[in-house]
1. Can you go through Gly19, Gly33, Gly25 and tell me which one is modelled with pLDDT under 90 and within 22 Å of Gly228 (Cβ to Cβ)?
2. So, in the range 186-217, of the ones that are in contact (Cβ under 8 Å) with a residue 60 or more places away in the chain and crowded, with 22+ Cβ neighbours inside 10 Å, which residue ends up farthest from Leu86 (Cα to Cα)?
3. Of the residues in the range 5-35, how many are in a loop (DSSP other than H, G, I, E, B) and open to solvent by less than 90 Å² (accessible area, probe 1.4 Å)?
4. Within the range 230-251, take every residue that is more than 26 Å from Val30 (Cβ to Cβ) and among the β-branched types (Val, Ile, Thr) and give me the one that is nearest to ligand 1 (Cβ to nearest atom).
5. Under 8 Å by Cβ, and 6 or more places apart or on different chains, what pairs join a residue from the range 298-324 that is open to solvent by less than 10 Å² (accessible area, probe 1.4 Å) and part of a helix (DSSP H, G or I) with one that is within 14 Å of ligand 1 (Cβ to nearest atom) and among the polar types (S, T, N, Q)?
6. Being open to solvent by 20 Å² or more (accessible area, probe 1.4 Å) and outside any helix (DSSP H, G or I) is the filter; apply it to the range 257-290 and report the residue that is farthest from ligand 2 (Cβ to nearest atom).
7. For Ser254, work out the one condition from (1) under 26 Å from Gly93 (Cα atoms); (2) among the hydroxyl-bearing types (Ser, Thr, Tyr); (3) open to solvent by 70 Å² or more (accessible area, probe 1.4 Å); (4) within 16 Å of ligand 1 (Cβ to nearest atom) it doesn't fulfil.
8. Being among the hydroxyl-bearing types (Ser, Thr, Tyr) and open to solvent by 50 Å² or more (accessible area, probe 1.4 Å) is the filter here, so list the residues in the range 36-53 that pass it.
Amino acid sequence: MIVVMKKGSSPEAVQRMVGRIEAMGLKAHVIIGTERTVVAAIGEKRDGERETLESCEEVEKVVPILAPYKVASLEAKREPTVVEALDLKIGGGAIGVIAGPCSVESEEQILASARQVRAAGAKGLRGGAFKPRTSPYAFQGLKEEGLKLLAAARDATGLAIVTEVMTPHHVELVCEYADVLQIGARNMQNYHLLQAVGETDKIVLLKRGPSATMEEFLLAAEYILDQGNQRVVLCERGVRTFETHTRFTLPLASVPYLQERTHLPIVVDPSHGTGIASLVPPMCAASIAAGADGLIVEVHPDPSRAMSDGAQSLTPDAFSQAMEQCRKVAAALGRTM
Ligand code: PEP
Ligand code: MN
């Protein structure tokens, strides 16, 4: 249920409501909007609860949340969630672009990447230090050394750092260096990891699992929100289908579909979504046209030498041109980036 507080309700009145909800054995989530404050009451529904809460003086109305994901739903919060780290802003009309190599490989590589993507207009720098690789024999990332190089690249360029955390044991470590914690597609349903990042105050970029339904995706986001971290960004990165011409199949309809159901921002990853560099720029433009709140794109100073995902990585020039196209699409739709 959503308890909509009367306009101008005091923080004390909101806290009293939290106490009442908790006394009923329900979990209370306070969601402060620009227009009004609501308290989401989550838990098993019992008869009479709605009426009891509705009779409280400071309450305007109580409405049920029909969606299985509660805090993530538009029913709980009408205004779009906007996340910000340094100059990176995603959501609420702002289009945030994150770019950089699949993996951090060396100081030279990550610094060159950072400067190049910054010049093209990116506000976030991606780069994996802990890499989830299909083969245990493939490059697994530079680990903490990679995190340090990312932090150095932030110092040099002012870009916000987006990097993957693969296990709850590493959350504290990655938080020391990152601005945005990426949850990889393979870990979308790693519930302990979702809870662990939900306990932090970092922005979380949650990638869709390659076989996850939209409902599973939103329920994964709910795990993070349920721990109190409201700064979650959804990322469509393609799903596994019968089709083999692209690495994954990138369903852009998920952008407007999600926007009809959640206040959380949604970014698109056309690099993993296609696996083919030449297809990435048109899919970047298409993502913006579909209404995406941002992009995450793999860019490497020399894709042919990349230690992971070279085939889908753009050269800095190709990325710069793709950004130019995206700006035109955004402008045509009355948006800026
Ligand atoms: C990545 O961003 O490099 C990555 C491993 O992505 P995904 O988890 O979507 O496969
Ligand atoms: Mn990659």
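1. Gly33
2. Within the range 186-217, the match that is farthest from Leu86 (Cα to Cα) is Lys207.
3. The qualifying residues number 7.
4. Checked the range 230-251; the qualifying residue nearest to ligand 1 (Cβ to nearest atom) is Val239.
5. Gln312/Ser271; Gln312/Thr274
6. Checking each candidate, the answer is Glu260.
7. (3)
8. Within the range 36-53, just Thr52 meets the criteria.
The values are calculated or read from the model by the stated rules, or taken from the named source; none is laboratory data. Predicted model only: the values in this text are computed from it and were never measured. Here the Cβ is made from the backbone with ideal geometry for all residues, glycine too, and neighbour counts use every protein chain on show. With ligands, DNA and RNA removed, areas are computed over all heavy atoms of the protein, side chains included. Shrake-Rupley method; radii C 1.70, N 1.55, O 1.52, S 1.80 Å.
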